[in-house]
Amino acid sequence: MSQQSAQAREASPVTLIIRAATLILLCFPLWGCEKVPPQAVEIIPHWNKGDAIDLTVTRVRDKSLNGKSTLSGKTHTRFSLEVLHASTQGYLVGWTVGTTTFDAPAPSESVLRQVVGLMQGMQIVLQIDPRGVITGVQNWETLRSEMLRNLDGLLAKRSDSQRGKADQGMMAHLRAQWDTMFSTKAQVEQVCTRDAQLYFRILGRIYTRDQPYEYQGFFEHPLGGDSFPARADIMLKSFNRRSGQAVLHWNQSADHEETDQIMRSLVNDMAAQRGKQVPNEGFTNALAMDNHAEVEVDVDTGWVSTLTETKSVTLGTRAQTDTTVIVRSVK
């Protein structure tokens, strides 16, 4: 019998325990230093043909001057969504406009009610890719014709009722604006997908806990000029694996330097047309634009459960805040 075999046979239980403990201690630092991967979720649509939900969209506008605030409007609009087609190439989703109710009536409420109701009952057929990005509106030509026909009918109705000249002038101006807004496919799609773009904005990406996804955003110019560049990011704040609900925060702020340059150019052009001088000071921080949103989404399906967005625009002592709240209900 060899010397090694004899030693192995003679090893006491205490020796074996010490050897095992030593092995565990040698491995322990490796286990303790192992990095736990951050929590991450992929949010893409998992829809089937026939899936349907309802949305209620509440909009509130608050204006202020020199710190004094006034509520200038509050509306509730119903929307119905239905998956009309689903395949590996993407989806067709019917986005149907429902009724709008007013909580805070404006002076021109009678006109406003009728204009808002022009799209009631229309179904916008959204073309959506497999990751949830809206790529177009399938029935944009039909929508354009129906909206303009409805507006012409409203104009004729109000003309027959012999409303005041100011009212008729406003409606004629509105008709001219709509002609411009719906003159091309791109413009029709922009108008018809505004709410849908907001609702589906977070789809199509993988989000990691507390690591923002950053990208270049933009704000539409309130006067129709060049868009204002913005810095935007979306961050996963929490994910409940049991319920499948994820909460994301979205933030967007206008680039102050770019905004300042655009405002200078706009004011210079307006001054040149009127033959006036433009002061060198007074532009910095005159205009500020910020968007913030919290979104709760069902990761298993890709349907957003709730969304609250606050859009703020400040120009000198004037400020306007638009709050949009979207709540989903399952049919």
Residue list for the stretch 50-86, restricted to those being hydroxyl-bearing (Ser, Thr, Tyr) and under 21 Å from Trp140 (Cβ atoms): Thr77, Ser80
Residue check, Leu112 surrounded by 17 or more Cβ atoms within 10 Å (Cβ to Cβ) and either at pLDDT below 90 or within 24 Å of Phe200 (Cα to Cα) (or both): no
Options Arg264, Arg242, Arg328; residue that is modelled with pLDDT of 80 or more and not in a strand (DSSP E or B): Arg242
Conditions (1) in a strand (DSSP E or B); (2) modelled with pLDDT of 95 or more; (3) surrounded by 16 or more Cβ atoms within 10 Å (Cβ to Cβ): number failed by Thr314: (2)
Failed condition for Ser87, given (1) at pLDDT 95 or above; (2) among the small types (Gly, Ala, Ser); (3) in contact with a Leu (Cβ under 8 Å, 6 or more places away or on another chain): (3)
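Here is a yes/no grid of residues against (1) at pLDDT 70 or above; (2) within 30 Å of Glu42 (Cα to Cα):
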position	(1), (2)
Pro105	no, no
Ile128	yes, yes
Val133	yes, yes
Leu143	yes, no
Asp152	yes, no
Ala156	yes, no
Ala166	no, no
Gln177	yes, no
The stretch 293-303 - residue that is over 11 Å from the mean Cα position of the chain (by Cα) and hydrophobic (A, V, I, L, M, F, W, C) and, of those, farthest from Glu42 (Cα to Cα): Trp303
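The values are calculated or read from the model by the stated rules, or taken from the named source; none is laboratory data. Worth saying up front: this structure is predicted, and the values here are computed from it rather than measured. Quick reminder, even Gly has a Cβ in these numbers, built from the backbone with ideal geometry, and neighbours come from all protein chains shown.
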